Amino acid sequence: MGSQIFHGCFMVLIITASAWFITSSEGYKFYVGGRDGWVVNPKENFNHWAERNRFSVNDTLFFKYKKGSDSVLVVKKEDYFSCNATNPTQSMMDGDSEFKFDRSGPFFFITGNAYNCNKGQKLIVVVLAVRHKHYYPPKPTYPSPSAPLSSPVPVIDSPLPPSVSSPPSESPEAGGIDVPSGMRSPRPAPTSHKNFGSLRSELPTLLVVGLSVGIIVVLAPFSVV
């Protein structure tokens, strides 16, 4: 089912494209003067009629007139304005004449009857130029010139002055020099020798007390008996 629908749509597209191609290649047929045809006094002036229409290359003009009593002549510009029928570039006299535009630009038509031509039986048609679509590649874009980079300023390491080692300060005991109190080095913290000496001096007392308590505990049961 889906394939049939797709096939039908494809065929419609092909037919439409073909019809458009044939129409565009063959152009349109314009009936000069409408129902009146190629006559002396049409309801609408021929040049007014031409101004209302747009003509392109491959379009065709159809001239309807009475064979043997009239004609259509393609002439130059100067012969158009002077109604000169003696030097046409093309003559049509069959009564049902067709003229196909093979180029763009102006075309000038007059009747072979000079009297009727001066009455207004003539026509100017301007065919539009064929416009080809030209492809113009985009212009290349270049980056805008940036501001010149400033050259880096070399950084020079200034040599540090040689360090001057201060002479060791002598203690008052060694050199007998009186050094201000703010510049004297702090004394080391006292060690725990003092605590150990005091504990050793109190050791005999602790031993005596301990022995006394032990003797009382041992002799207490005998005293009760």
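The values are calculated or read from the model by the stated rules, or taken from the named source; none is laboratory data. Everything quoted here is computed from the prediction, not taken from an experiment. Using ideal geometry, Cβ is built from the backbone for each residue, glycine included, and neighbour counts are taken over all protein chains shown. Only protein heavy atoms, including side chains, enter the accessible area calculation; ligands, DNA and RNA are left aside. Shrake-Rupley method; radii C 1.70, N 1.55, O 1.52, S 1.80 Å.
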Notebook entry, point to check: On the given criteria, is K122 under 15 Å from N41 (Cα atoms), open to solvent by 30 Å² or more (accessible area, probe 1.4 Å), modelled with pLDDT of 95 or more and basic (K, R)?
Noted result: yes
Note to self: Just the residues that are charged (D, E, K, R) and either buried (at least 18 other Cβ atoms within 10 Å of the Cβ) or outside any strand (DSSP E or B) (or both), please, taken from region 61-92.
What the structure shows: K66, D70, K76, K77, E78, D79
Next item on the list: Report, by residue number, each residue of region 26-55 that is over 20 Å from Q90 (Cα atoms) and within 45 Å of the chain's Cα centre (by Cα).
Entry: E26, G27, Y28, E51, R52, N53, R54
Next item on the list: Scan region 37-60 residue by residue and report those that are surrounded by 15 or more Cβ atoms within 10 Å (Cβ to Cβ), in contact with a Lys or Arg (Cβ under 8 Å, 6 or more places away or on another chain) and not β-branched (V, I, T).
Entry: G37, W38, F46, N58, D59
Notebook entry, point to check: What tally of residues in region 93-119 results from selecting those that are under 21 Å from H48 (Cβ atoms), open to solvent by 40 Å² or more (accessible area, probe 1.4 Å) and either in a strand (DSSP E or B) or in contact with a Pro (Cβ under 8 Å, 6 or more places away or on another chain) (or both)?
Noted result: 1
Check: Which members of region 57-82 meet the condition of being touching a residue at least 40 places away in the same chain (Cβ under 8 Å) and among the hydroxyl-bearing types (S, T, Y)?
Finding: T60, S71, Y80
